[in-house]
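Below is one structure, written out as structure tokens; comments come after it.
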Amino acid sequence: MAKEIITVEGMSCDHCKQAVEGALTNLNGITTAEVNLSEGNVTVDYDPSQVTTNSMKDAIEDQGYDVK
Ligand SMILES: [Cu+2]
């Protein structure tokens with residue numbers, strides 16, 4: 001398993017948190033995704049053989065947020 005912290009712009013409330021966490025945990029290979037609203041990032045635990053960080057970024061951007 002690997003861990004990645006992704007900086008996400010535009011998350012402001014609990015709805016944003018749920019949207020980003022939900023989009024990520026829907027991807028195969030992601031065990032947990034936890035948004036930190038005050039820091040503007042999401043910490044993801046994942047299996048690198050099943051999912052790439054690019055797929056995570058696409059999933060976040062599909063929800064309308066910008067990934068740094
Ligand atoms: Cu929001």
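The values are calculated or read from the model by the stated rules, or taken from the named source; none is laboratory data. In this text, all values refer to a predicted model and were calculated from it rather than measured experimentally. For neighbour counting, all protein chains shown are included, and Cβ atoms are generated from backbone atoms with ideal geometry for every residue, glycine included. Heads up: the accessible areas ignore ligands, DNA and RNA and are worked out on the full protein's heavy atoms, side chains in. Shrake-Rupley method; radii C 1.70, N 1.55, O 1.52, S 1.80 Å.
Observations on the structure shown:
- Entirely in the chain, the strands (runs of 3 or more DSSP E) that have 1 or more residues that are within 13 Å of the ligand (Cβ to nearest atom): 2-9, 30-36
- Single condition Ala23 does not satisfy, out of (1) modelled with pLDDT of 95 or more; (2) open to solvent by 20 Å² or more (accessible area, probe 1.4 Å): (2)
- Met1 vs. criteria of a type in the set (A, V, I, L, M) and open to solvent by 20 Å² or more (accessible area, probe 1.4 Å): yes
- Test: residue in the range 48-66 that is open to solvent by 50 Å² or more (accessible area, probe 1.4 Å) and in contact with an Asp or Glu (Cβ under 8 Å, 6 or more places away or on another chain): yes
- Evaluation of Thr31 against the conditions (1) open to solvent by less than 30 Å² (accessible area, probe 1.4 Å); (2) touching a Phe, Trp or Tyr at 6+ places or on another chain (Cβ under 9 Å) shows that the sole unmet condition is (1).
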